[in-house]
Amino acid sequence: RHIDWKLYARTERLYTKQYEEETNLRCQLLVDTSSSMVFPQNAFNKLQFSTYASAALIQLLQKQRDAVGLTTFTDQIHNFMEPRSNTKHARILYHQLEHLLGEQSTNQQTATTDTLHTIAEAIHKRSLIVLFSDMLDNQQDEEALFSALQHLKHNKHEVIVFHVMDKQKEMEFAYSNRPYQFVDLETGEKVKLFPSEVRDQYLQRINDYRHRLKLRCQQYNIEYVEADINEGFHQVLMPYLIKRKKLS
């Protein structure tokens, strides 16, 4: 029953059929490659952290004979590779990630909301969706972002959101009180000021947003993980392994 009789009829040589082993899990990695992800500039940045973390997850998934795919996006989807479990496919994914390490794009905005809706409809089989993003969507409507996350759950996908950040600079606003020029990497807009002039208001707004994002993820049963780029990759690998164990 494993002989390919049609091929034998054409070639008069016997070949056996090989079947790709059924996988336990399908995983789609989503990596935000917008310009805000190359912060901090001239240092190990959020995009590089996300790239290395994705590569580590691909290796784990491959060793477990799970299928893995990759999506990269800004305000549009640039690459979409469906989950597969073979070694050749993994090499292609690594090659795609390698290109991201040298990424220094400017004025590339983010549309996380649109990407999540597209992925929710494009992936028909129940999968684990792993998102790496600083969650700085260029759309001002937070409800649209929350709705997109809910769309993934509605379509029966499991979801892990890795909120990638430089915690000291972005969440604690740890700048000395001297003049700085702050640049919006996605729009190029610049502003000069003393950090003390805006620190309290900034911290209030960023912490309120983090709280709302955490709350919505809890409501939708989505795993939310704050991934500080200065704290190593265990903060990514451990939540994945825990989620993997629950799904097995």
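The values are calculated or read from the model by the stated rules, or taken from the named source; none is laboratory data. Everything numeric in this text was worked out from a predicted model, so none of it was measured. Reconstructed Cβ throughout: ideal geometry from the backbone, glycine too, with neighbour counts over all protein chains shown. SASA here: full protein model, heavy atoms, side chains in, ligands and nucleic acids out. Shrake-Rupley method; radii C 1.70, N 1.55, O 1.52, S 1.80 Å.
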Scanning for something within 23 Å of F73 (Cα to Cα), among the acidic types (D, E) and open to solvent by 30 Å² or more (accessible area, probe 1.4 Å), does segment 225-234 turn up at least one residue?
yes
Of everything in segment 165-184, what is among the aliphatic types (A, V, I, L, M) and over 18 Å from R212 (Cβ atoms)? Give them in sequence order.
A174, V183
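Each row is one residue, and each column tells you yes or no for (1) open to solvent by less than 30 Å² (accessible area, probe 1.4 Å); (2) in contact with a helix residue (DSSP H, G or I) (Cβ under 8 Å, 6 or more places away or on another chain); (3) among the hydrophobic types (A, V, I, L, M, F, W, C).
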residue: R10; (1), (2), (3): no, no, no
residue: L14; (1), (2), (3): no, yes, yes
residue: S35; (1), (2), (3): yes, no, no
residue: V38; (1), (2), (3): yes, yes, yes
residue: F44; (1), (2), (3): no, no, yes
residue: A67; (1), (2), (3): yes, yes, yes
Considering only residues that are aliphatic (A, V, I, L, M), outside any helix (DSSP H, G or I) and either closer than 24 Å to N45 by Cβ or free of Cβ contacts under 8 Å to residues at least 12 places away in the same chain (or both), which ones fall in segment 104-137?
A111, I129, V130, L131, M135, L136
I need the strands (runs of 3 or more DSSP E) fully contained in segment 24-103, keeping only those with at least 1 residues that are at pLDDT 95 or above, hydrophobic (A, V, I, L, M, F, W, C) and under 19 Å from Y240 (Cα atoms).
26-32, 67-73
Where L93 falls short, out of the listed (1) surrounded by fewer than 17 Cβ atoms within 10 Å (Cβ to Cβ); (2) within 14 Å of the chain's Cα centre (by Cα); (3) more than 11 Å from T33 (Cα to Cα):
(1)
Kindly list, by first and then second residue, each pair from a residue in segment 145-172 that is within 18 Å of L29 (Cα to Cα) and in contact (Cβ under 8 Å) with a residue 12 or more places away in the chain to a residue that is aromatic (F, W, Y) and surrounded by fewer than 19 Cβ atoms within 10 Å (Cβ to Cβ), limited to pairs with Cβ atoms under 8 Å and residues at least 6 apart or on different chains.
L149/Y220; Q150/Y220; K153/Y220; V159/Y220
Give E143, E172 a once-over and let me know the one that is closer than 22 Å to V38 by Cα, surrounded by fewer than 19 Cβ atoms within 10 Å (Cβ to Cβ) and either polar (S, T, N, Q) or out of contact with any strand residue (DSSP E or B) (no Cβ under 6 Å at 6 or more places or on another chain) (or both).
E172
Kindly check whether there is at least one residue in segment 217-224 that is closer than 21 Å to Q41 by Cα, within 24 Å of the chain's Cα centre (by Cα) and either open to solvent by 50 Å² or more (accessible area, probe 1.4 Å) or among the β-branched types (V, I, T) (or both).
no
Scope segment 70-90; condition surrounded by 13 or more Cβ atoms within 10 Å (Cβ to Cβ) and among the charged types (D, E, K, R); matching residues
D75, E82, R84
